[in-house]
Amino acid sequence: MLPDLPRHSLRLHRFALSGHCHRVELLLSLLDLPWQALDVDLAGGQQRSPDFLALNPLGQVPVLEDGPLALADSNAILVYLARRYGGGRFQLESPALEAEQQRWFSIAAGPLASGPAAARVFHLFGRPLDIHAVRRSAHGLFRMMDGWLAGRDFLLGASLSLADIACYTYTAHAPEGGVQLDEYPALRAWLARIEALPRFVPMPASPRPEA
Ligand SMILES: N[C@@H](CCC(=O)N[C@@H](CS)C(=O)NCC(=O)O)C(=O)O
């Protein structure tokens with residue numbers, strides 16, 4: 001059955017180099033949904049303007065507007081879009097799979113954000129942090145993911161799920177934070193599987209730090 005497409009445009013408040021925003025853009029593309037990008041000037045502080053804080057009091061992108069609904073948080077937006085417009089495509093078959101997906105959402109919001117994504121922000125935007133500790137933690141996470149993905153095509157097994165979409169971008173772009181993926185063959189094969197999906201869209205590449 002075709003998804004019930006919105007008559008109005010879905011509007012995504014985003015920053016083009018944010019992996020949190022890209023995961024939403026990737027799902028919008030996979031679902032072939034029409035949407036409008038509203039670029040937020042993070043460097044200029046637009047996310048702290050009263051208008052933006054009315055949409056998300058945490059002052060963060062992404063925020064999705066769907067008619068009267070304004071929804072913040074990338075993983076929450078993935079769940080919403082899949083349920084509302086996925087036509088059953090991302091429906092999970094068991095409580096155990098639902099729970100497993102939730103575990104990967106927590107990983108995406110936890111160690112993936114505080115490790116690989118933070119290392120990238122350090123290099124691209126100069127945010128101060130203990131880069132060695134952050135890179136160590138990123139490698140710890142990727143070792144775990146590499147072991148998990150050995151013998152699995154996707155994070156929840158044989159099929160693509162929202163867990164993969166939530167974890168893809170900051171893994172693929174980890175080298176931009178000086179976290180190389182050479183030691184993780186299963187992880188790299190998983191990235192390639194996602195990149196081969198019909199309607200896959202990449203996040204623009206950023207310069208990698210010198211070795
Ligand atoms: N948990 C949030 C995190 C979003 C987030 O960290 N957004 C960053 C850009 S990647 C942001 O808007 N930062 C604005 C700021 O730090 O002022 C989500 O998943 O959407």
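Filtered by the rule that a residue be surrounded by 12 or more Cβ atoms within 10 Å (Cβ to Cβ), within 16 Å of the ligand (Cβ to nearest atom) and part of a loop (DSSP other than H, G, I, E, B), the stretch 27-45 gives Val40, Leu42. Per the listing Phe105, Phe90, the residue uniquely surrounded by 17 or more Cβ atoms within 10 Å (Cβ to Cβ), within 12 Å of the ligand (Cβ to nearest atom) and closer than 30 Å to Gln36 by Cβ is Phe105.
From the residues in the stretch 119-137 that are assigned to a helix (DSSP H, G or I) and within 16 Å of the ligand (Cβ to nearest atom), which one is farthest from Arg208 (Cα to Cα)?
Val134
Annotation for the stretch 5-18: at least one member residue is surrounded by fewer than 19 Cβ atoms within 10 Å (Cβ to Cβ), outside any loop (DSSP other than H, G, I, E, B) and more than 15 Å from the ligand (Cβ to nearest atom).
Determine whether Arg199 is in contact with a Pro (Cβ under 8 Å, 6 or more places away or on another chain) and among the basic types (Lys, Arg). It would help to see each step written out before you state the result.
Details: in contact with a Pro (Cβ under 8 Å, 6 or more places away or on another chain): no; among the basic types (Lys, Arg): yes.
Judged against the criteria, Arg199 is not a match.
Looking at the stretch 154-197, which of its residues are in contact (Cβ under 8 Å) with a residue 24 or more places away in the chain and part of a loop (DSSP other than H, G, I, E, B)? Passing the criteria: Leu155, Leu156, Leu160, Ser161, His173, Gly178, Val179, Leu181, Glu183, Tyr184, Leu197. Condition check for Glu100 on (1) assigned by TED's automatic domain parsing to the domain that holds Leu181; (2) on the phi > 0 side of the Ramachandran plot; (3) of a type in the set (D, E, K, R): one failure, at (2).
Among Val24, Val61, which is within 16 Å of the ligand (Cβ to nearest atom), crowded, with 20+ Cβ neighbours inside 10 Å and in a loop (DSSP other than H, G, I, E, B)? Answer to the selection: Val61.
Residues in the stretch 64-85 that are away from the ligand (no atom under 13 Å from the Cβ) and buried (at least 18 other Cβ atoms within 10 Å of the Cβ): Glu65, Asp66, Leu81, Ala82, Tyr85.
The values are calculated or read from the model by the stated rules, or taken from the named source; none is laboratory data. Nothing here was measured: the structure is a model prediction, and the numbers come from that model. Note: ideal-geometry Cβ built from the backbone for every residue, glycine included; neighbour counts use all protein chains shown.
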